[in-house]
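The values are calculated or read from the model by the stated rules, or taken from the named source; none is laboratory data. Note that the coordinates shown come from a computational prediction; the quantities given were computed from them, not determined experimentally. So basically every Cβ, Gly included, is an ideal-geometry build from the backbone, and we count neighbours across all protein chains shown.
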Amino acid sequence: MWILSVFVLYLVVLAAIGVYCMRFNRTLEDFVLGGRKMGVWVTAISAQASDMSAWLLIGLPAYAYATGLSAIWLLVGCSAGIIFNWVVIAPRLRRDSERYGSLTIPDYLSSRYAGGRPLVRIASVLIILLGYATYIASQFIAAGKVFTTTFGHVETPWGEFGITYHWGMLIGVGIIMLYTIMGGFLAVSWTDLAQGMLMVLTVVILPIIGVIAVGSLAVVGDKLHAFDPEILSVTGKSVEGAGIISTSGAAFWIGVVLGNMSYGPGYPGQPHILVRFMALKDPRKMRQAAIIGIAWSILAMAGAIAVGLIARVMLGELGDKDQAMPSLALRLMHPGIAGVMIAGAVAAMMSTVDSQLLVAASAVEQDIYIRLFGGKAHGRRAVWIGRITILILGAAALPIAWGGESVLSKVLDAWGILGAGLGPVVTLGLLTRRANRHGALAGMIAGVSTVYFWKSTAPIFHARELFATGLIPGFVLNLVLIWAVSLATRKRS
């Protein structure tokens, strides 16, 4: 009953934020970008909270639970991508997006590469919708699993009840839809700030309590070694479907290090992160926001890996590894505190879904309805079109999530589509004037196509374990084609 009460209170607070922020959405710019008035802490924490998603508290602990300490290379790769985003991409994107008057990433790319012509805009919108259909579904899966673990059997004064996976997923979806539709970018950013703080507290406190419960770090290490000597090795171990191979020497550096670090290049292609950079009120404070965001991310990922290792010690074999974090919280904590921590897992899911729904709806409204079909951007009508689009997008993701697959695998599939499709065009668009629309179109099409066909073609080249999602091959091909086609089609003076 404690857990249920805390959890319901948390959801009520989120809904209240959405209702409060509704009054500030008078224009389309307010709804999709908060009027470019976000403060440093809101920008920094909401950017990284929307990045981490359910993979931080569900997927990453499950990955560490399965593979052991070699999961640290995923931390290294993601940290490199985060630093690149804040240091290289963020200040330039904030400057150029305001100069072009861009409200969305497709809007920026169209202005930068095509002078407003439609093909670059259409291609980037399609990539966002393809990637987010899978990405949003992965967060819905996490919601269903968390609700099932937490409320599968709950005793109340009115008797016992239980929430199934599908009902849990629908409850989580309903709450997210409510505050995203009502509050827009302001509600999403402020809830992400609150949820980001809750997320990092969860992954810091839970492993500390776990170490105290076991006895000491030395005891944790001894138990892990007794269970499996490979689990404390940074050179990896065999895990089916995880993209990791048992290695030594050169194979270790190729299979484990590069395989895990390959997710870093995907960061410049994630619109739900990039729009936070565009919304910062004072561009001069970007460095301060960068320090906060980078520190938060490294601390959160390290804590999540520790949660997975402690869960391995205390819980033994789990049928579903995605249950590692919520099961550990229920095992270690008072029901009320466990409710707060499990709310943190749902917070991780919500902080990404709300951002992605808003970004995808903004792309449909701003880049299709307004830019291509000449719709009006003024007044509350434009805001309501965005809200209806969010409802449609959420409903479209439900069938993908219905089967309840691995959270991490779904996240990485979507990450590959967005990273390989948009990352190079965003990066080169900000760093050089030589890239043109012909190169951008060729690169985006090649990058996304490579990711989609990688699972079937990689075994031919014995490369499936090296680059599990096809992100790196797609990213490199995109980058090369942008440069080559741009040079070949450049007008001679």
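Numbers at a glance
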| quantity | calculated |
| --- | --- |
| Matching residues in the stretch 310-335 - criterion: being under 19 Å from I141 (Cβ atoms) and either in contact with an Asp or Glu (Cβ under 6 Å, 6 or more places away or on another chain) or modelled with pLDDT under 85 (or both) | L318, G319, D320, K321, D322, Q323, P326 |
| Set L315, L328: member being free of Cβ contacts under 8 Å to residues at least 24 places away in the same chain, within 22 Å of K223 (Cβ to Cβ) and hydrophobic (A, V, I, L, M, F, W, C) | L315 |
| Exclusive hit being buried (at least 18 other Cβ atoms within 10 Å of the Cβ) and modelled with pLDDT of 70 or more, set V383, V407, V346, V364 | V364 |
| Options I294, I231; residue that is in a helix (DSSP H, G or I), modelled with pLDDT of 90 or more and not charged (D, E, K, R) | I294 |
| Boolean, A338 is buried (at least 17 other Cβ atoms within 10 Å of the Cβ), modelled with pLDDT under 80, aliphatic (A, V, I, L, M) and over 20 Å from the mean Cα position of the chain (by Cα) | yes |
| I417 being in a helix (DSSP H, G or I), at pLDDT 80 or above and buried (at least 20 other Cβ atoms within 10 Å of the Cβ) | yes |
| Options V275, V307; residue that is at pLDDT 85 or above, under 30 Å from R92 (Cβ atoms) and out of contact with any strand residue (DSSP E or B) (no Cβ under 8 Å at 6 or more places or on another chain) | V275 |
| Only one of L178, L193 that is surrounded by fewer than 24 Cβ atoms within 10 Å (Cβ to Cβ), under 20 Å from I136 (Cα atoms) and at pLDDT 75 or above | L193 |
| Test: residue in the stretch 48-64 that is acidic (D, E) and either more than 27 Å from L430 (Cβ to Cβ) or buried (at least 24 other Cβ atoms within 10 Å of the Cβ) (or both) | yes |
| Filter result for I205 (of a type outside the set (K, R), over 17 Å from I298 (Cα atoms) and either modelled with pLDDT under 65 or surrounded by 18 or more Cβ atoms within 10 Å (Cβ to Cβ) (or both)) | no |
| Residue tally, condition in a loop (DSSP other than H, G, I, E, B) and either in contact (Cβ under 8 Å) with a residue 12 or more places away in the chain or in contact with a helix residue (DSSP H, G or I) (Cβ under 6 Å, 6 or more places away or on another chain) (or both), over the stretch 431-452 | 3 |
| Candidate set from the stretch 457-493 (those that are at pLDDT below 60 and not in a loop (DSSP other than H, G, I, E, B)); member that is nearest to the chain's Cα centre (by Cα) | A458 |
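For (1) under 17 Å from the mean Cα position of the chain (by Cα); (2) under 15 Å from L430 (Cβ atoms); (3) among the polar types (S, T, N, Q); (4) part of a helix (DSSP H, G or I), each residue gets a yes or a no:
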{"site": "C78", "(1), (2), (3), (4)": "yes, no, no, yes"}
{"site": "I83", "(1), (2), (3), (4)": "yes, no, no, yes"}
{"site": "R94", "(1), (2), (3), (4)": "no, yes, no, yes"}
{"site": "R99", "(1), (2), (3), (4)": "no, yes, no, yes"}
{"site": "S110", "(1), (2), (3), (4)": "no, yes, yes, yes"}
